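A short worksheet on the structure shown next.
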Amino acid sequence: MKISSQLKLVQDAFAGFYSCGLTMLESDTMKRFEGNECESREISLVTGFEDFRLERVSDNGLKLVTDCKQDSKTGVMFVETSIENNGKEPQTMEMLSSFVLSEIEGDKLHRFVSFWSAEGRHKIDNLADLGLEHSWNNMAFRVEKFGTVGSMPVRKFFPFVCIEDSKTGTFTAISLYTPSSWQIEVVIRHDDRVTLSGGIADRDFGHWTKTLKPGEKYLAPKAAVSVGTSLEEVCDKLVKAQKPDISPIDNHMGITYNEYCTTWGNPTEDKLKNIADHMAGHKVQYLVIDSGWYGTEEGYWFDYTGEWKINKYRFPNGLKPVADYIRSKGMIPGIWFEFEVVSRLCKLFNNADYLLKKDGYILNVGGRQYLDMEKENVKEYLYNSVIKTLKDAGFGYIKVDYNDTLGIGCDGPEGIGENLRQKLLATQEFFKKLREEIPDLVIENCSSGGHRLEPSMMELSSMASFSDAHEIVSLPIIAANLHYLTRPDQTQIWAVLRANDSPSRIYYSMAATFLGRVGMSGDIYDLSKDQWKMVDDAINLYENTADIIRDGFTYVNICDAKLYNDPQGGQLVLRKLTADEYEGENITGTTDCKKKNKTLGVYHRFANSVSLKEFIHNHGINLSLSNKVAEYGSSTEDFSACVFVIEE
C-alpha cells in the first residue's frame with residue numbers, strides 16, 4: 001500500500017479516459033511535480049513505521065506536503081496534507097486530497113449510511129457489483145464517489161470508508177476529520193488494486209475552489225488510516241485514536257437527565273424544580289434544560305431561536321434560581337442552545353450584517369437563517385447571549401444543537417464550498433472559546449441527534465447525542481451501529497421512561513443505554529416504586545460496567561433486523577475488557593486487583609425473536625453464559641432486553 005496526496009489546478013487538463021466529472025485524480029497538475037524523488041511512499045500499518053514527511057515541489061512553486069504520524073497506542077496513521085504557494089503567481093485549486101492510498105488489495109466496500117433517526121446503517125458492496133473492475137486495456141477510470149455536501153457532515157454517509165480483502169481477511173479503513181462537505185473516491189484503473197482518495201468535497205462534488213496567493217499555506221482536513229483483520233478491529237482503532245477534549249468534571253461517564261421528552265419544549269421553573277426533586281438521589285450528574293426556556297408566553301420556541309432572552313412567563317425569576325436549585329440537589333445544571341441560527345422572531349432575522357448569504361440573498365432554510373460565525377459582531381453577540389448566560393446563571397453543561405444544513409455553501413471570497421468550510425471552522429473556534437471561558441464546561445455535541453458525529457466535532461466535546469430516536473423500537477439498533485464510529489463513553493443514549501411502561505419496556509429502554517452513556521428523560525415523577533427500582537438497578541450495574549463501555553472492544557455486533565420501523569429477530573452486542581487492556585482503575589475510582597477478563601453483553605429482542613441462548617446458537621457465537629456474574633432485565637418475550645456481565 002502506498003500513501004501520497006494530489007491536487008488539481010483550474011488551468012490544468014483533466015486526466016481524460018472518461019474521468020472528467022467523476023474524479024480529478026491524475027490530472028496534469030500532478031505532472032508539474034514529476035521528477036520529485038518521493039511521489040509516494042510504501043507503508044505497512046501491520047509492522048508499523050517511523051513518522052515521515054513527503055515533500056514535492058511543482059514547476060510553478062507549489063509545495064505539496066504529506067505528513068504521516070503513527071499513534072503509538074492504536075497503530076493508526078494520521079495523515080495531514082498541506083499546500084504552500086512559494087511561486088510568484090496566485091494559483092486556484094479545485095481539488096486537494098487529504099490522502100491518496102493506492103495499491104490496496106480488496107473486493108468489498110464498507111460504508112455507513114446515515115439519515116435522521118437512522119444513523120450508521122452498515123452497507124456492504126462487492127466492488128464488482130459497483131462496476132469497479134479494470135478495463136480491458138487498463139486505461140479507463142472506474143470510480144465510486146460518495147460523501148456529504150453541507151454543514152451536517154454525517155448526513156447520508158459517515159466520513160468513513162473501508163476496503164476488505166476477503167482472500168486475506170485484511171481490512172483497510174479511513175476516517176476523515178471534517179465538519180463540512182467531504183468526499184471519498186474508490187478508484188480502479190490500472191489493475192484491480194484499489195485507490196482510495198478523500199478530503200474536501202471538490203469543485204465537481206462540493207463547489208469548492210481555493211486561491212492561494214504567493215506565500216499562503218493551506219491545510220486539508222486530517223485523515224486517520226487503520227489496518228486490521230476485521231471491521232470491528234479497524235473501527236475500534238480509529239475510534240480509540242480520537243482525542244476528545246473532555247471536561248475534567250466529566251471523567252467518569254456521569255448520567256444525564258434531559259427534560260425535553262418530559263416537557264416537549266415547555267420547561268418552567270416549577271417543572272424543573274419538580275424534576276430536580278425526583279431525580280435527587282438517583283446518581284444523576286447533569287440535569288439539562290432543553291429548548292423553550294427563551295422567547296415569550298405566546299410564541300413557539302422554534303420561532304424565537306437566536307433571541308436568547310429568558311421567557312419570563314416560564315422562568316419569572318430568571319435561570320439562576322433554577323440552576324442553583326438543581327445544584328442544591330446534587331446535580332450540575334445544563335442548558336440547550338442552537339447558537340448558529342436565528343428564526344423569524346429573533347431580532348437578527350433578516351439582518352444582513354449578521355447573516356450568511358448565497359447569490360446575494362440571505363440564506364433561508366425552513367424559516368431559519370444562519371449567523372456568519374467569522375464576523376466580529378456575531379462573536380460579540382454570542383459572547384453576550386451564550387457565554388454570559390452560562391456564566392451568570394452558573395451552568396456547567398451546554399447542549400449545542402444544530403437542526404438543519406445550509407447546503408452547498410455561501411457567499412464569500414472563495415468558492416462557495418470553501419466559504420462554507422471557513423464558517424464551520426469558525427463554529428469550531430467558538431466551541432473552543434466556550435471551554436476557554438468556562439474551563440470545566442461540559443459540551444454536548446448535538447445536530448438533530450447525530451448529524452455531527454464526526455471526529456473533529458467529537459474531539460471538541462465531552463459527549464454527543466447519539467440520535468433523535470427518542471422512543472422508537474429501532475433505538476438500540478442505532479446505538480449499536482455507532483460502536484463502529486464513535487466512542488461509547490461519549491455517546492449519550494436516550495432512555496425515555498413513561499408511567500405506563502411495562503417492565504419489559506423499561507428493561508428495553510435502560511438496556512440500550514449500556515451501548516453508550518445513560519441519558520434519561522420522560523415521566524420520571526409519575527414512575528412507581530417498582531419502576532424506579534428497575535431504573536436504579538440499571539444505574540447501579542451501569543456504574544459497575546462503565547469501565548468496559550469506556551475501554552473495552554466490541555467484538556460481536558450482530559443484528560437480524562433489516563427494517564428499522566419493523567425490526568425482526570434480535571440484536572446482540574458483546575464488548576470485552578481484557579486484563580491486558582485494563583488500566584488499573586475502574587470508572588468509579590477503585591482499583592480492581594483481580595484484573596479479570598470481563599465481557600458486557602446487551603441483548604435486545606424484536607418481533608418474532610428467540611431466546612438469548614438460541615440466538616447465540618443460531619449465529620455460532622462462542623459464549624458461555626454459565627460465567628455470568630451480573631445480570632439486568634429479562635429477555636423473555638418480543639421487545640424485551642437483558643444486560644449481563646461475564647468474567648473469565
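Listed here are the residues, each with its yes/no results for (1) in contact with a Lys or Arg (Cβ under 7 Å, 6 or more places away or on another chain); (2) of a type in the set (A, V, I, L, M, F, W, C).
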{"site": "G394", "(1), (2)": "yes, no"}
{"site": "I398", "(1), (2)": "no, yes"}
{"site": "C410", "(1), (2)": "yes, yes"}
{"site": "V473", "(1), (2)": "no, yes"}
{"site": "T486", "(1), (2)": "no, no"}
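Within the range 1-29, the set of residues being polar (S, T, N, Q) and either within 19 Å of L62 (Cβ to Cβ) or in contact with a His (Cβ under 7 Å, 6 or more places away or on another chain) (or both) comprises S4, S5, Q6, Q11, S27, T29.
If I filter the range 145-168 down to residues being assigned to a strand (DSSP E or B) and open to solvent by 40 Å² or more (accessible area, probe 1.4 Å), which single residue comes out as nearest to I184 (Cα to Cα)?
In this case the residue turns out to be K145.
Considering the range 370-382, and only residues there that are farther than 30 Å from D324 by Cβ and over 24 Å from the mean Cα position of the chain (by Cα), the residue that is least open to solvent (accessible area, probe 1.4 Å) turns out to be V378. Screening A546 against (1) under 30 Å from D245 (Cβ atoms); (2) at pLDDT 95 or above; (3) outside any helix (DSSP H, G or I); (4) open to solvent by less than 30 Å² (accessible area, probe 1.4 Å) leaves a single unmet condition, (3). When K379, K358, K399 are checked against the criterion of being under 30 Å from A220 (Cβ atoms), in contact with a Cys (Cβ under 7 Å, 6 or more places away or on another chain) and of a type in the set (K, R), a single residue qualifies: K358. Going through the range 603-648 one residue at a time, which ones are assigned to a helix (DSSP H, G or I) and not hydrophobic (A, V, I, L, M, F, W, C)? Matches in the range 603-648: K613, E614, H617, N618, S626, N627.
Of the residues making up the range 69-76, one or more are in a loop (DSSP other than H, G, I, E, B), in contact with a helix residue (DSSP H, G or I) (Cβ under 8 Å, 6 or more places away or on another chain) and open to solvent by 40 Å² or more (accessible area, probe 1.4 Å).
Considering (1) in contact with a helix residue (DSSP H, G or I) (Cβ under 8 Å, 6 or more places away or on another chain); (2) touching a residue at least 60 places away in the same chain (Cβ under 8 Å), the lone condition that V79 does not fulfil carries the number (1). Considering the range 352-361, and only residues there that are assigned to a loop (DSSP other than H, G, I, E, B) and open to solvent by 70 Å² or more (accessible area, probe 1.4 Å), the residue that is nearest to G409 (Cα to Cα) turns out to be D359. Filtering the range 572-589 down to residues that are out of contact with any Phe, Trp or Tyr (no Cβ under 7 Å at 6 or more places or on another chain) and buried (at least 19 other Cβ atoms within 10 Å of the Cβ), which residue is modelled with the lowest pLDDT? Among them, the one singled out is I587.
Condition check ((1) out of contact with any His (no Cβ under 6 Å at 6 or more places or on another chain); (2) touching a residue at least 60 places away in the same chain (Cβ under 8 Å); (3) assigned to a loop (DSSP other than H, G, I, E, B)) across all residues:
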{"residue": "P321", "(1), (2), (3)": "yes, no, no"}
{"residue": "I335", "(1), (2), (3)": "yes, yes, no"}
{"residue": "F339", "(1), (2), (3)": "yes, yes, yes"}
{"residue": "N377", "(1), (2), (3)": "yes, no, no"}
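Looking across the range 103-134 at every residue that is at positive phi and touching a helix residue (DSSP H, G or I) at 6+ places or on another chain (Cβ under 9 Å), the one that is surrounded by the most Cβ atoms within 10 Å (Cβ to Cβ) is identified as G120. Sort out which residues of the range 8-49 are of a type in the set (D, E, K, R), on the phi < 0 side of the Ramachandran plot and in a loop (DSSP other than H, G, I, E, B), and write them in order of number. Correct list: D12, R32, E34, E37, E39.
Scan the range 512-523 and tell me whether some residue there is under 17 Å from A280 (Cα atoms), crowded, with 20+ Cβ neighbours inside 10 Å, of a type in the set (A, V, I, L, M, F, W, C) and in contact (Cβ under 8 Å) with a residue 60 or more places away in the chain. For the range 512-523, residues under 17 Å from A280 (Cα atoms), crowded, with 20+ Cβ neighbours inside 10 Å, of a type in the set (A, V, I, L, M, F, W, C) and in contact (Cβ under 8 Å) with a residue 60 or more places away in the chain: present.
Results for (1) at positive phi; (2) in contact with a strand residue (DSSP E or B) (Cβ under 7 Å, 6 or more places away or on another chain); (3) modelled with pLDDT of 95 or more; (4) of a type outside the set (S, T, N, Q), shown as yes or no for each residue.
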| site | (1), (2), (3), (4) |
| --- | --- |
| N350 | yes, yes, yes, no |
| L356 | no, yes, yes, yes |
| Y370 | no, yes, yes, yes |
| E380 | no, no, yes, yes |
| S385 | no, no, yes, no |
| K391 | no, no, yes, yes |
| I398 | no, yes, yes, yes |
| I408 | no, no, yes, yes |
| T427 | no, no, yes, no |
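With respect to (1) out of contact with any Gly (no Cβ under 7 Å at 6 or more places or on another chain); (2) open to solvent by 20 Å² or more (accessible area, probe 1.4 Å), the lone exception for N60 is condition (1). If you check G367, G396 for being loosely packed, with under 15 Cβ neighbours inside 10 Å and touching a residue at least 12 places away in the same chain (Cβ under 8 Å), only one passes: G367. Among the numbered conditions (1) part of a loop (DSSP other than H, G, I, E, B); (2) open to solvent by less than 20 Å² (accessible area, probe 1.4 Å), tell me where F349 comes up short. Looking at each condition in turn, F349 falls short on (2).
All told, R435 falls short of being within 18 Å of P221 (Cβ to Cβ), in contact (Cβ under 8 Å) with a residue 60 or more places away in the chain, open to solvent by 10 Å² or more (accessible area, probe 1.4 Å) and assigned to a helix (DSSP H, G or I). Taken together, the residues in the range 400-411 that are over 12 Å from H451 (Cα atoms) and open to solvent by 10 Å² or more (accessible area, probe 1.4 Å) amount to 4. With respect to the stated conditions, E80 is within 27 Å of G417 (Cα to Cα) and assigned to a strand (DSSP E or B). Inspect the range 213-226 for any residue being open to solvent by 10 Å² or more (accessible area, probe 1.4 Å), closer than 24 Å to R142 by Cα, over 21 Å from the mean Cα position of the chain (by Cα) and of a type in the set (A, V, I, L, M, F, W, C) and give the result as yes or no. No; the residues of the range 213-226 include none that is open to solvent by 10 Å² or more (accessible area, probe 1.4 Å), closer than 24 Å to R142 by Cα, over 21 Å from the mean Cα position of the chain (by Cα) and of a type in the set (A, V, I, L, M, F, W, C).
Evaluation of K596 against the conditions (1) surrounded by 13 or more Cβ atoms within 10 Å (Cβ to Cβ); (2) at pLDDT 95 or above; (3) among the basic types (K, R) shows that the sole unmet condition is (2). Quick check on the range 459-499: of everything there that is closer than 17 Å to A641 by Cα, open to solvent by less than 10 Å² (accessible area, probe 1.4 Å) and β-branched (V, I, T), which residue is farthest from the chain's Cα centre (by Cα)? It comes out as V496. When S385, S456 are checked against the criterion of being under 15 Å from G306 (Cβ atoms) and open to solvent by 10 Å² or more (accessible area, probe 1.4 Å), S385 stands alone in meeting it.
The values are calculated or read from the model by the stated rules, or taken from the named source; none is laboratory data. These numbers were taken from a predicted model, which means no experiment stands behind them. Cβ sites come from the backbone with ideal geometry, for glycine too, and all protein chains shown count toward neighbours. With ligands, DNA and RNA removed, areas are computed over all heavy atoms of the protein, side chains included. Shrake-Rupley method; radii C 1.70, N 1.55, O 1.52, S 1.80 Å.
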